[in-house]
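Okay, structure first, notes after.
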2 protein chains.
Amino acid sequence: MNDYYSQEGHGPFEIIDVGALDLEDGGRLPRCTLAVATHGRLNPARDNAILVPTWYSGTSKIMEQVYIGPGHALDPERYFIVVVNQIGNGLSLSPSNAPAPLAGPDFPRVRIGDDVRAQHRLLTEHFGIDRLALVVGGSMGAQQTFEWSVRYPEMVERAAPIAGTARNTEHDFQYAESLVEAVVSDPAFRDGHYGSAGAVAEGLARHARLWTVMGWSTDFFRADRHRTLGFESMDDFVSRFMNAYFAPMDPNNLLAMAWKWQRGDVSRHTGGDLAAALGRIRARCFVMPISHDMFFPPADCAVEQALIPGSELRPLSSIDGHLALFGTDPEMIAELDRNLRDLLALPARA
Amino acid sequence: MNDYYSQEGHGPFEIIDVGALDLEDGGRLPRCTLAVATHGRLNPARDNAILVPTWYSGTSKIMEQVYIGPGHALDPERYFIVVVNQIGNGLSLSPSNAPAPLAGPDFPRVRIGDDVRAQHRLLTEHFGIDRLALVVGGSMGAQQTFEWSVRYPEMVERAAPIAGTARNTEHDFQYAESLVEAVVSDPAFRDGHYGSAGAVAEGLARHARLWTVMGWSTDFFRADRHRTLGFESMDDFVSRFMNAYFAPMDPNNLLAMAWKWQRGDVSRHTGGDLAAALGRIRARCFVMPISHDMFFPPADCAVEQALIPGSELRPLSSIDGHLALFGTDPEMIAELDRNLRDLLALPARA
């Protein structure tokens, strides 16, 4: 176990067992446990539920801190908001907390589709929800949002994928592969049989540096945003922000998520035909890339948005790039909230 | 010695000893040898010389193949073109070819300014040249072009820095640092005391992947440019292009160049005042970033261009990004040639 993934650090969350999950790549999770945080109440009509999946390395906590609350579109006074931690993130079933024989490097390969099926069970069987007013998530949360919209088109009334794609690009696969290599190349990683996350500190630091290079933007650094955020120098920013963020995480967890991220692809439903897959979407959909995102750039998202019936491209503006998802740019979060309010005001399609 | 850095692969070039060079960081090269390739003839007025420095990992060969010839602005019928390999690149004095006690990891730290002083000696003492019709180079060649223009303003009549900066950015430093880490983290690197470059194959492959991610652009891959260039798949492109390119190179050479690249900074002449340094430039200067460059992006270059008296920003358009420098996009090379012809047609400033 790893102390980082605690109720103290990321809770409160509830662990809910959704049963045995046969995985798309052939493995099996005999007891798939999901860490779930909810806000607000399901109304009697059961039509005010919003699902929020999580991104690479993130947990429900940051979604709550940045996106959910009285001042936001995701207002618990009005909606029943279910934040579900993705499998492998350290709170839901993951290499770091799974019992043998699934522990650590023996954790089976999990795809975005597996997460979405597990979440579907959670919502329908545990919460008795059969339609979602909105699915909204960033990065790998966007991958899950697209997967939800294609896999369960009758259930998703609105979808807001932020800074992510429906089918991962070849470029982005390579970026994620560089993250994987940074970790597994550390001799202390020992094919996943390391003693503790701290043993792989060098690999995790190289991984953090790659996030420094690709996670923000050239404009972010030229504008001295890192200093504005309270760091004295680039070294200080890398050390106290980027390294400090990733250092306590479990390497096998990160690798499980990276493998999943690399292979996000809704066209698995349609024999590789992306247009056919996206054509299935019935949700009102706002596709929201971030202007300065270096690995889920607006142009990659625009190509997909054009294939989604009745959708809108609503790019968010921030020189903070992909990691503006962290909430570093309040203006972008306000812009997102305006978009989400617009989207939630639209009637569901007939 | 490393067979890669041969006359057969990169020649013909001449090895010219410019004497002992005291380095800015305190070391000394007792016999600084430069590998030099020339094209055309110096005219009687000695006013038709063009200097072409080289970039990270590159040699004079690719400059000749892509930029120099009868159809190009750099036409040997008209100009005396001197291509000088940078120190550390494997042809000029480098870790891979230096005698003890400078060999391998004991090679001293060399800065852009050291290269430029060595080149100045070469031009003035060996060739008897005291003015340059043009200095033109890409990436680290642009760094040298800026350094020439600031350090020897009376000698440089025209300058064409392509896809590079006068003072390296904090972001770019981090990208180069990720390249360094990819190599030195390989246990086979052994602090530079590896048996052969082949021993560090894994580190060099990780280094090549980072170039895959940052060297081209997201648009390049979305447009299937890698397949257009003759590769069957992304894996094929990474393997037969990116890995194959870097695999034979000497790791200590790459690290010597990376260290130099990270610290390119003309404001060392002016106590850190970039505006004052760039204000010294008397050359007619066209600053030419590449539209889709991910680490020397146009916006970073535009900030510097605005500080250069009488200069022009002439961005080049190519979705191939930084590595369009390799000549993969003929239209961009044609655009560059047009710009260089315009520049060469301008009278030198009084």
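What follows is calculated from the coordinates using simple rules that are stated; it is not laboratory data. Please read all numbers here as calculations on a predicted model, not as lab measurements. All Cβ positions, glycine included, derive from the backbone under ideal geometry; neighbour counts span all protein chains shown.
Give the relative contact order (percent, whole number) for region A:173-257; include only Cα pairs under 8 Å separated by 6+ residues.
Rounded, it is 34 percent for region A:173-257.
Among A:N85, A:N97, A:M214, flag the residue with its Cα farthest along the positive direction of the charge dipole of chain A, charges on Cβ as +1 for Lys/Arg and -1 for Asp/Glu.
Of the options given, the answer is A:N85.
Just to confirm the numbers: A:E77, label point 7 angstrom along the Cα-Cβ line, distances to the other copies in nm, shortest first?
7.9
Quick one: net charge around A:Y4, please, counting Lys, Arg +1 and Asp, Glu -1 for every other residue with C-beta under 13 Å from its C-beta.
Here the charged neighbours net out to -2.
Would you please name the trypsin sites (Lys or Arg not before Pro) within region B:149-180 that are DSSP coil residues with at most 16 other C-beta atoms within 10 Å of their C-beta?
none
Let a ≥ b ≥ c be the square roots of the eigenvalues of the Cα gyration tensor of chain A; is it rounded (a/c under 1.5), or, if not, prolate (a/b larger than b/c) or oblate?
rounded
Quick check: from the Cα gyration tensor, does region B:208-310 come out rounded (a/c under 1.5), prolate or oblate?
Oblate shape, in that a/c is at least 1.5 and b/c is the bigger or equal ratio.
Would you mind calculating the relative contact order of chain A from Cα pairs under 8 angstrom and at least 6 residues apart, reporting the percent as a whole number?
The value is 18 percent.
Choose one answer from A:T165, A:T124, A:T59: the residue with the largest mean-square fluctuation in a GNM of chain A with alpha-carbon springs under 10 Å.
For chain A, modelled as a Gaussian network with Cα springs under 10 Å, the answer is A:T124.
From the residues A:T228, A:M249, A:S239, which one has its Cα farthest along the dipole of region A:173-257 in the positive direction, the dipole being from +1 and -1 charges on Cβ of Lys/Arg and Asp/Glu about the Cα centre?
Farthest along the dipole direction, towards plus: A:T228.
What distance in nm lies between label points placed 7 Å from Cα along the C-beta direction at A:A188 and A:S6?
Here the modelled spin labels are 2.1 nm apart.
Taking the beta-carbon count within 10 Å as an exposure proxy, list B:K61, B:K260 from fewest neighbours to most.
Fewest-to-most Cβ neighbours within 10 Å comes out as B:K61, B:K260.
Over region B:173-257, what per residue volume does the convex hull of the Cα atoms give, in whole Å³?
Taking the convex hull of the Cα positions in region B:173-257, it is 87 Å³ per residue.
Hey, in the GNM for chain B with a 10 angstrom Cα cutoff, which one of B:G215, B:G141, B:G88 fluctuates hardest?
B:G215
Could you put A:Y194, B:Y4 in order, starting from the residue whose Cβ has the fewest other Cβ atoms within 10 Å?
B:Y4, A:Y194
In a GNM of chain B with a 10 Å cut-off on Cα contacts, which of B:Q65, B:Q143, B:Q86 has the highest mean-square fluctuation?
Per the Cα network of chain B with a 10 Å cutoff, B:Q65 tops the list.
Using the Cα centre as the reference, give the magnitude of the dipole from point charges on the C-beta atoms of the protein assembly as shown (Lys, Arg: +1; Asp, Glu: -1; all else neutral), rounded to the nearest 20 debye.
That gives the protein assembly as shown a dipole magnitude of about 660 debye.
For the pair A:E232 and A:L307, how long in nm is the line joining their label points, each one 7 Å along Cα→Cβ?
Placing both labels 7 Å beyond Cα along the Cβ direction yields 5.0 nm.
Using only atoms on other chains, find how many Cβ atoms lie within 10 Å of each Cβ of peptide B:171-183 and report the average.
Neighbouring Cβ atoms belonging to other protein chains average 5 per residue here.
Suppose only helical runs count, i.e. DSSP H with n ≥ 4. What mean residue ellipticity at 222 nm does that imply for chain B under -39500 (n - 2.57) per run, divided by all residues and rounded to the nearest 500 deg cm²/dmol?
Value at 222 nm, helices only: -9500 deg cm²/dmol.
Considering only A:I62, B:S178, A:I319, whose Cα is most displaced toward the positive end of the charge dipole of the protein assembly as shown, charges sitting on Cβ of Lys, Arg (+1) and Asp, Glu (-1)?
The residue sitting most towards the positive pole is A:I319.
Per 10 Å bin, what is the whole-percent P(r) computed from every C-alpha pair distance within the protein assembly as shown?
For the protein assembly as shown, the binned pair fractions read 3, 15, 24, 23, 16, 11, 6, 2, 0, 0 percent.
In Å and whole numbers, how far do the C-alpha atoms of region A:44-97 stretch along each principal axis, longest first?
37, 24, 13
Explain nothing, just the number: dipole magnitude of region A:173-257 about its Cα centre with +1 on each Lys and Arg Cβ and -1 on each Asp and Glu Cβ, in debye rounded to the nearest 20.
160
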